[in-house]
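Participant: Mind having a look at this structure? Questions to follow.
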Amino acid sequence: MGALHNLISIHDLTRDEIDLILQRAAEMEEIAVTRSKLLNGRIMACLFFEPSTRTRLSFESAMLRLGGSVLGFADVGVSSAGGKGETLADTIRTVERYADVIVMRHPLDGSARVAAEFSNRPVINAGSGAEEHPTQALLDLYSIQKMKGTIDGLNISLCGDLKYGRTVHSLAMALIEYDVKITLAAPEQLQMKPSIIQVMKEAGLTVVEVDNIDDAINEADVVYMTRIQKERFPDIREYDAVRGRFRLKREDVEQMPDDAIILHPLPRVDELDPEIDSLPQARYFDQVEAGVVTRMAILDLILN
Ligand code: NCD
């Protein structure tokens with residue numbers, strides 16, 4: 001297998017590479033506790049042009065647990081890109097001289113690809129516009145594998161904002177590598193792009209589209225909820241028309257089998273009633289934990 005350089009899209013990974021990352025993530029469970037020097041002396045730059053809690057902090061935690069160091073900005077306003085109008089290309093040409101790997105989140109589709117073109121150092125996409133979020137997809141796969149023991153054979157429902165949600169785009173593309181049945185549940189205005197659905201069907205997946213949450217949870221092994229991406233709506237009235245439409249409540253979850261799991265990339269707004277947090281199906285905070293080991297595995301594979 002060729003060495004992994006950039007991670008811009010989930011399409012950059014072969015099935016073998018996905019398997020390797022999931023396997024390495026499992027090995028990282030112990031190393032995450034004991035810590036290690038695998039990336040001793042290496043420096044990771046985090047450039048976050050958009051808000052983040054989990055993605056940036058779990059990347060930093062992953063790097064620190066592997067003995068590396070971190071620098072960067074989490075508020076574009078304090079950088080020259082936000083404060084002085086520096087181009088993305090110039091920011092990248094600068095930061096690649098300070099760090100061994102660049103982790104970047106940016107509001108524009110295609111931004112991670114552009115950054116990789118200007119960088120001699122590996123670039124990891126931590127979210128590019130509404131387009132992709134490949135490391136989230138990997139931690140989602142890892143979570144499903146760990147919690148359910150397998151990915152093949154499962155009924156997986158992707159719910160919420162399938163139009164603007166980048167996590168579900170990357171996850172859907174990753175799932176074409178598996179033998180799964182997918183239910184896509186979204187308000188009519190927020191359905192998954194036809195091009196992605198076509199790729200899934202061509203890969204042999206059974207794909208069902210529904211416009212309500214009830215039809216998505218009945219037979220699901222995995223219910224993957226997402227936030228309506230308010231910040232990506234061109235017109236706030238369109239957001240107001242769909243907000244609050246998909247909400248998982250206690251009575252819904254109580255109908256699900258005990259071994260079904262509810263995941264969510266977080267942050268949540270109102271789509272997961274806090275009342276369900278204590279139910280056995282609610283696993284989204286365990287999923288957060290999977291972010292650290294998965295990102296340890298990614299950093300290790302790219303830098304070693
Ligand atoms: C997601 C994102 O930024 O796309 N958050 C995350 O990385 N866990 C989901 C979201 O913002 O809704």
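The values are calculated or read from the model by the stated rules, or taken from the named source; none is laboratory data. Since the model is a prediction, treat every value here as computed from it, not as a measurement. Cβ: placed from backbone, ideal geometry, glycine included. Neighbour counts: every protein chain shown. To get the accessible areas, we keep the full protein, side chains included, count just its heavy atoms, and leave off ligands, DNA and RNA. Shrake-Rupley method; radii C 1.70, N 1.55, O 1.52, S 1.80 Å.
Participant: So what is the accessible area of the chain per residue, in Å², with the probe set to 1.4 Å?
Facilitator: Using a 1.4 Å probe on heavy atoms only, each residue of the chain averages 43 Å².
Participant: Further question: Any lysines with Cα under 24 Å of the Lys193 Cα? List them, leaving off those in the same chain fewer than 8 positions away.
Facilitator: Of all the lysines, those that pass the test against Lys193 - Cα under 24 Å, at least 8 places apart if same chain - are Lys163, Lys181, Lys201, Lys230.
Participant: Under a 10 Å cutoff between Cα atoms, tell me which one of Arg97, Arg121, Arg227 has the largest fluctuation in the Gaussian network model of the chain.
Facilitator: Checking each option, the largest mean-square fluctuation is seen for Arg97.
Participant: For the chain, modelled as a GNM with alpha-carbon contacts under 10 angstrom, which of Gly68, Gly160, Gly83 fluctuates the most?
Facilitator: Gly83
Participant: To continue, here is another question. May I ask for the net charge around Met44, where only other residues with Cβ less than 11 Å from the Cβ of Met44 are counted and Lys, Arg are +1 while Asp, Glu are -1?
Facilitator: That sum, taken over residues with Cβ under 11 Å, equals +2.
Participant: Magnitude of the Cβ-charge dipole of segment 134-288, K/R +1 and D/E -1, about the Cα centre, nearest 20 debye?
Facilitator: Taking the Cα centre of segment 134-288 as origin, the dipole is about 560 debye.
Participant: Using a Gaussian network model of the chain with C-alpha springs under 10 Å, which one of Val78, Val242, Val222 is most mobile by mean-square fluctuation?
Facilitator: Taking springs between Cα atoms under 10 Å, the residue moving most is Val78.
Participant: What does the net charge come to around Gly165 if you take all other residues with beta carbon closer than 10 Å to its beta carbon, with K and R at +1 and D and E at -1?
Facilitator: Once positives and negatives cancel, what remains is +3.
Participant: Express the carbon and sulfur contribution to the solvent-accessible surface of the chain as a percent, rounded to the nearest whole number, probe 1.4 angstrom.
Facilitator: That share works out to 47 percent.
Participant: At 222 nm, what value in deg cm²/dmol follows for the chain if DSSP H runs of at least 4 each add -39500 (n - 2.57) and the sum is divided by all its residues, to the nearest 500?
Facilitator: -12000 deg cm²/dmol
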